[in-house]
Amino acid sequence: MAKDVIVGIVGAGRIGIVHAKSIAYEIPGVTIKTVADPYLTDEAAALLTKLGVENVTKDYKEIINDPDIEAVFICSSTATHSPISQEACKAGKHVFCEKPVDLDIDKIKATLKVVRDSGVKYQVGFNRRFDHNFMALKAAIDSGKIGDVHVLKLTSRDPGPPPIEYIKVSGGIFYDMLVHDFDVARFLSGSEVVEVYAAAAVRVDEEIGKAGDYDTAVVTLKFENGAIAVVDGSRKASYGYDQRVEVFGSKGAVAIGNDALSTAVISNETGVTSEKPLHFFLERYMGAYSEEKVQFFDAIRNNKKPPVGGYDGLVSVVIAEAAKRSAQENRPVKISEITDLND
Ligand SMILES: NC(=O)c1ccc[n+]([C@@H]2O[C@H](COP(=O)([O-])OP(=O)(O)OC[C@H]3O[C@@H](n4cnc5c(N)ncnc54)[C@H](O)[C@@H]3O)[C@@H](O)[C@H]2O)c1
């Protein structure tokens with residue numbers, strides 16, 4: 001039997017705990033040796049111990065300097081992603097980095113250079129590509145059943161905004177939230193975005209506006225192959241996490257809806273009702289969080305290219321910057337204005 005892949009996790013907040021749980025419960029052949037977080041809560045420490053984590057520390061350098069650890073999950077706050085990615089790659093560790101890789105495009109490019117020079121596997125946490133519904137959508141497009149893609153419509157609404165303190169360090173709605181939709185739109189269209197036009201507003205919470213961000217946005221993406229996508233995003237949908245997609249093409253259309261706890265539909269004299277969508281990403285995407293890691297470990301074990309690489313991490317952030325600039329300046333913004341993706 002092949003020996004276990006030994007990993008370390010940097011950051012034990014919401015997403016760090018998701019990865020720890022899914023490795024421990026759902027992914028055989030992987031051992032979490034160390035989890036590092038300077039502000040680890042007692043609750044998280046107790047859970048990690050229950051999951052069998054040998055070493056819980058405040059200092060991520062214990063992971064970087066441990067020769068036993070082959071792969072590092074970077075799940076800490078966004079500003080730490082590119083510096084810790086670089087340190088881990090230089091130490092010869094494979095890296096799974098949560099999105100976004102950085103809020104600064106030049107820093108992402110510098111990180112990708114370190115990834116290339118060190119020759120490690122580097123995967124970015126765009127989990128939606130691995131969701132069962134999104135995979136079915138992609139398979140339908142790739143099979144040619146809907147012909148050439150003409151229009152993609154993505155609905156992306158959270159059940160409620162994160163705390164203002166998170167918003168302030170997250171990079172805002174385009175970098176933190178809609179970056180997932182920009183990645184999905186590229187993935188489904190099979191083409192690259194050339195121009196972005198965004199309208200954005202504060203409709204949910206004035207505090208979000210005071211923090212310099214928006215909570216509501218509609219973004220139009222024009223692709224090299226002529227397709228057009230529209231992403232409609234909100235930080236608050238009163239009925240829960242709303243993530244639907246329709247792709248329309250020359251021969252037909254394919255759509256996915258939300259997952260619910262059950263498909264029960266109750267009909268009575270007051271009307272016909274069914275379950276609300278699963279509440280948020282922790283409920284909706286647990287399967288996707290497992291599948292993205294299964295494929296990451298497969299890339300490590302079998303020397304394959306990771307399914308979502310550093311370039312995907314870069315392009316999604318460049319689109320986010322174009323959307324932010326478009327909303328602020330009220331005009332279409334070309335990707336080529338933001339950066340040269342070839343350098
Ligand atoms: N792919 C997804 O679906 C998804 C979902 C949520 C969050 N994220 C991303 O994951 C990152 C974390 O988000 P979150 O929601 O878990 O935030 P969070 O605030 O719940 O957790 C972040 C954790 O990182 C820790 N941390 C900060 N600096 C650190 C350091 N130097 N070393 C170790 N730990 C450190 C903090 O103490 C905190 O516990 C963000 O970049 C976010 O964009 C991705």
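Each reported figure results from applying straightforward, stated rules to the coordinates on display, with no laboratory input. Since this is a predicted model, take the numbers as computed values, not measurements. Cβ sites come from the backbone with ideal geometry, for glycine too, and all protein chains shown count toward neighbours.
Hey, what did the range 114-263 get for relative contact order, percent, Cα under 8 Å, at least 6 apart? Before the final figure, lay out each step's value.
Details: 258 pairs, mean separation 51.1, N = 150.
Relative contact order of the range 114-263: 34 percent.
How much length, in nm to one decimal, is gained on full extension between R14 and E224, taken as 0.36 nm per residue of separation minus their Cα-Cα distance?
72.0 nm
What FRET efficiency comes out for the pair D104/T31, r = Cβ-Cβ distance, R0 = 30 Å, nearest 0.05?
0.30
State the Cα centre-to-centre distance between the range 233-307 and the range 165-202 in whole Å.
18 Å
Treat the range 52-188 as a sphere of radius equal to its Kirkwood radius over Cα pairs and apply Stokes-Einstein at 10 °C in a medium of 1.306 mPa s; give the translational diffusion coefficient in µm²/s, rounded to a whole number.
93 µm²/s
Please work out the ratio of the alpha-carbon Rg of the range 1-65 to 2.2 N^0.38 Å and round it to two decimals.
Taking N as the residue count of the range 1-65, the ratio is 1.04.
Among the listed pairs K145/K236; K50/K168; K93/K304; K138/K251; K3/K61, which are separated by more than 27 Å between their Cα atoms? Numbers along the way, then the final one.
Details: K145/K236 34 Å; K50/K168 33 Å; K93/K304 15 Å; K138/K251 15 Å; K3/K61 24 Å.
Beyond 27 Å between Cα atoms: K145/K236; K50/K168.
Go ahead and run the numbers for FRET between Y311 and E269, Cβ-Cβ distance against an R0 of 51 Å, rounding to 0.05.
According to the calculation, E is roughly 0.35.
Over the alpha-carbon set of the range 171-227, divide Rg by the Kirkwood Rh and report the Rg/Rh ratio to two decimals. Write down the numbers at each step before the final one.
Working: Rg = 13.0 Å, Rh = 12.3 Å.
Radius of gyration relative to Kirkwood radius: 1.06.
What does the charge count near G249 come to, summing +1 for each Lys or Arg and -1 for each Asp or Glu among other residues with Cβ under 11 Å from its Cβ?
Counting the neighbours of G249, the net charge comes to 0.
Given H placed on each backbone N at 1.01 Å, which residues far from D104 in sequence or on other chains put an amide H within less than 5 Å of it?
Correct list: empty.
Return the Cα extents of the range 208-343 along principal axes one, two and three, sorted largest first, each rounded to a whole Å.
So the three principal-axis extents are 62, 47, 42 Å.
Amide H to amide H, which residues 5 or more places from G160 or on other chains are under 5 Å from it, using H placed in the peptide plane?
Here the answer is A237, since their amide H atoms fall under 5 Å of that of G160.
Which distance in nm do the two modelled labels at K145 and D343 give, with both placed 7 Å along the Cα-to-Cβ direction?
4.5 nm
Order of 256-263, 78-85, 177-184 by packing, highest average Cβ count within 10 Å first?
177-184, 78-85, 256-263
From the backbone phi of the range 288-295, what are the Karplus-calculated ³J(HN,Hα) couplings (6.51 cos²θ - 1.76 cosθ + 1.60, θ = phi - 60°) in whole Hz, Gly and Pro given as x?
For the range 288-295, the Karplus-derived couplings read 5, 5, 6, 4, 5, 6, 3, 6 Hz, x marking Gly and Pro.
For the chain, list log₁₀ I(q)/I(0) at each q in 0.07, 0.09 Å⁻¹, using the Debye formula over Cα point scatterers of equal strength and ignoring solvent, two decimals each.
For the requested q values the scattering log ratios are -0.30, -0.49.
Using θ = phi - 60° and the Karplus curve 6.51 cos²θ - 1.76 cosθ + 1.60, what whole-Hz ³J(HN,Hα) does each residue of the range 158-168 get, with Gly and Pro shown as x?
With coefficients 6.51, -1.76 and 1.60, one gets 7, x, x, x, x, x, 4, 4, 5, 4, 4 Hz.
Quick one, can you get me the convex hull of the C-alpha atoms of the range 1-126 expressed as volume per residue in Å³?
In the range 1-126, the Cα convex hull volume per residue is 100 Å³.
In nanometres, what is the gap between the two model label sites at T57 and V169, each 7 Å from Cα along Cα-to-Cβ?
Each label point is offset 7 Å from its Cα along the Cβ direction, giving 2.1 nm.
Between M135 and K3, how high is the FRET efficiency from 1/(1 + (r/R0)^6) when r is the Cβ-Cβ distance and R₀ = 41 Å? Nearest 0.05.
The computed FRET efficiency comes out at 0.85.
Run lengths n ≥ 4 of DSSP H only: what is the helix-derived mean residue ellipticity at 222 nm for the chain, with -39500 (n - 2.57) per run over all residues, to the nearest 500?
-11000 deg cm²/dmol
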